[in-house]
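Shown next, in structure tokens, is the structure this report addresses.
Please treat every number below as a calculation from the coordinates, not as lab data. Everything numeric here is computed off the predicted structure, so don't read it as measured data. Neighbour counts are summed over all protein chains in view; Cβ atoms, including those assigned to glycine, are modelled from backbone coordinates with ideal geometry.
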Amino acid sequence: MSKKEDKALAELAKRVAAALDDGKAVDIRVLDVRKLTVITDYMIIASGRSSRQVRALAHRVMDTARELGVARIGIEGERESEWVLIDLGGVVVHVMQAETRAFYQLEKLWEQRAPIEIEAGPA
């Protein structure tokens, strides 16, 4: 990835986090997961106080992406709005109700850990 593309993704993550903050999301976390996975570069996790707010926050994220000319790859969970995932390619956004977030603890899943060494067995 070029420095220009990397900078654009960092700006997208920053703008999405700001949009969530403007929508009164709770406990917004922007995680740089570039060294942990190839599926995305940044993971944003935020909480809403109700299904209505989670849905509104998801729409705010999609509006921000549209304003920046970023195509949405997919969205899941909007109907129930307990946990809405918005895939923007290099930025994946999770907007959840507090109880759901506490149960799944995505932040812990994506914490950086020391690499595990695996010995090769007989072929």
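If only the Cβ of Lys and Arg carry +1 and only the Cβ of Asp and Glu carry -1, the dipole of region 3-109 around its Cα centre is close to 160 debye. For region 67-110, the set of trypsin sites (Lys or Arg not before Pro) satisfying both a DSSP loop assignment and a count of at most 14 other C-beta atoms within 10 Å is given as 72, 79.
With the cut-off at under 18 Å, measuring from each backbone N in region 72-101 to a point 7 Å along the Cα-to-Cβ line of residue 8 picks out 72-74, 87-92.
Can you give the Rg to Rh ratio for region 3-109, taking only C-alpha atoms and Rh from Kirkwood? Result: Rg/Rh = 0.94.
Note that region 24-41 has calculated 3J(HN,Hα) couplings of 6, 5, 10, 6, 7, 10, 10, 10, 8, 10, 4, 8, 9, 7, 9, 6, 6, 9 Hz, one per residue in order, obtained from phi through the Karplus relation 6.51 cos²θ - 1.76 cosθ + 1.60 (θ = phi - 60°); glycine and proline are x. Exposure proxy shown here: for 52, 60, the number of other Cβ atoms within 10 Å sets the order, fewest to most, as 52, 60. Counting only alpha carbon atoms, the long axis of helix 3-22 and the longest principal axis of the chain meet at about 40°.
Stretched out straight at 0.36 nm per residue, the stretch from residue 73 to residue 24 would grow longer than its current Cα-Cα span by 15.2 nm.
Within the chain, what is the number of lysine pairs with alpha carbons under 17 Å apart, leaving out pairs fewer than eight places apart on the same chain? Qualifying lysine pairs in the chain: 6. The long axis of helix 51-67 is offset from the longest Cα principal axis of the chain by roughly 80 degrees.
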